[in-house]
Every structure is written in structure tokens, then in C-alpha cells.
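This report refers to the structure that appears directly beneath it.
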Amino acid sequence: ESPMDAIKGGQEVNRKRDFFVGRNAAATVLDACPDHDWRLIFGLARFGGFRVCELLNVEWGDVLWDQNKIRNNSPKTGLRFVPIFPELAPILEAAFDNAYPGQVRCLERYVRDANLGTTMNRIIERAGLSPWEKTFQNLRASRRTELEERFPNHVVNSWMGHSAKVAEKSYLQVTPDHWELGATITTGSAIAAGGVTGGVISADLGQSGSITNTKNPLKTLGFE
């Protein structure tokens with residue numbers, strides 16, 4: 001028996017390896033992807049918030065086109081549903097049109113335990129960028145950070161498959177836009193008047209704003 005069995009490991013998370021993958025960088029990497037499979041891998045991670053362990057499990061039968069949802073039966077956290085976000089839709093549609101008749105998995109040419117990180121880093125280098133640490137986790141974290149500012153917290157938790165506590169500890173990031181707005185927006189007097197000068201802070205270049213009307217969170221969840 002080990003005397004260390006009863007001792008729990010530390011709960012600290014190293015946030016020094018955080019990297020926000022902005023929209024310009026994402027577009028550059030997508031352009032450098034060699035085929036529809038890799039565009040879908042990158043798109044599901046960056047715009048769908050999929051974990052790397054979830055990417056190769058998605059089947060075309062999980063893509064519910066009529067409901068604008070993707071069923072994600074995660075090996076880590078179980079079943080959840082993810083919207084087919086406007087940024088993800090054209091990537092998903094192109095991959096579907098390119099699939100062979102009868103193809104079951106969306107990314108069938110790769111085994112489920114394939115190491116996608118090495119090739120993804122090569123694609124990032126081909127795009128003229130320096131690969132960031134935690135390649136796929138930072139793609140997912142970038143999406144969580146964007147969605148956090150557009151939708152109610154409980155909605156994003158449902159889509160991403162983790163809690164608000166986990167998001168704050170491991171995913172949410174301070175973006176370059178936050179720093180710029182923090183240095184330019186006046187606060188204080190507007191709070192007393194019942195508002196925030198400058199409106200809602202956005203970590204987005206504009207695309208996510210069209211996903212849904214954030215004033216109607218019940219409709220976002222599928223209720224009328």
C-alpha cells in the first residue's frame with residue numbers, strides 16, 4: 001500500500017499556456033487546411049467547442065440538419081447537443097457533400113485514438129502562424145470565451161458540456177479585445193445611471209452576433 005493514496009493532487013491550473021485564437025487567425029488556419037476533413041476538425045473544435053476526444057466520434061446521423069443541432073455523445077461527459085453555429089455550417093455542409101455514399105462517421109479516415117495534434121500544428125505552421133500550446137483545448141476555450149459574452153451562462157454550459165466553475169477555472173480567457181476596451185471605455189458614472197458605457201464587450205469580430213437573439217434565452221434552449 002502507498003502512504004500517498006489518501007492524498008489528493010493539487011487543483012491548480014496553469015493558465016500561462018492560454019492562447020485566444022481570434023477570428024483572423026482561425027480564418028488563416030482554415031485556408032491552410034489541406035482538405036475538408038481537416039477543415040471540419042478545426043471547425044468543430046474552434047466554432048463547435050468540441051473536445052479532441054469527441055471529434056472522431058461524430059457520425060453523420062448525429063447531424064440533425066432540420067433542428068440545426070449536432071448530437072455529441074461525448075466519451076468524457078455523456079450526451080449533449082451543440083448548435084450548428086453559422087460559422088460551422090458551411091464547413092459541415094462542404095464535408096457532407098464531399099463524403100462518400102454510405103459514410104457513417106464524419107471523419108471516417110481516422111481511427112478514434114489518432115493523434116490529431118501533430119498534424120494540426122503542421123497546418124498552423126503552414127498558415128504562417130506559430131503553433132500555440134494546448135492546441136485543441138485553446139480552440140475550445142476560445143469558443144467558450146466568445147459564447148460566454150453572447151448567451152446566458154447555463155446555456156453555454158449545456159452546449160459545452162462543463163460547469164461554470166470549470167469554465168472559469170480552465171477555459172475563460174482575457175482576450176486582446178478585453179484589454180483594448182478596458183483601456184478605452186469609461187465606467188462608473190454609467191453604472192449609476194443603470195447601464196454600461198460602450199455596451200456589451202465582445203471578443204468576436206462580428207459573426208457570432210447572428211447566431212440568435214440573446215434577449216430570448218428560452219428560444220435559444222428550444223422552448224417557445
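The listed residues Phe81, Phe47 rank as Phe81, Phe47 when sorted by accessible area, largest first, using a 1.4 Å probe. All other residues whose Cβ lies under 12 angstrom from that of Asn157 are scored, Lys and Arg at +1 and Asp and Glu at -1, for a net of +1. Of the GluC sites (Glu not before Pro) found in region 114-174, those that fall in a DSSP loop while having at most 14 other beta-carbon atoms within 10 Å are Glu133. Remark: accessible surface ordering of Tyr171, Tyr100 (largest first) is Tyr100, Tyr171, probe radius 1.4 Å.
With all protein chains in place and a 1.4 Å probe, the accessible surface of region 75-154 carries 50 percent carbon and sulfur. Separation of region 24-70 from region 103-145 is 10 Å, based on Cα centroids. Near Lys69, the amide H atoms lying under 5 Å from its own belong to Leu64, Ile84; only residues 5 or more places off or on other chains count, and H is placed 1.01 Å from N. Here region 37-91 is assigned +1 on the Cβ of each Lys and Arg and -1 on the Cβ of each Asp and Glu. Its dipole about the Cα centre then comes out at about 220 debye. Taken over region 45-145, the convex hull of the Cα atoms encloses 121 Å³ per residue.
The values are calculated or read from the model by the stated rules, or taken from the named source; none is laboratory data. Predicted model, so just to flag it, every value in this text is computed and none were measured. Don't worry about glycine lacking a Cβ; one is built from the backbone with ideal geometry, like all the others, and counts go over all protein chains shown. Side chains are part of the model used for accessible areas, which takes the heavy atoms of the whole protein and leaves out ligands, DNA and RNA. Shrake-Rupley method; radii C 1.70, N 1.55, O 1.52, S 1.80 Å.
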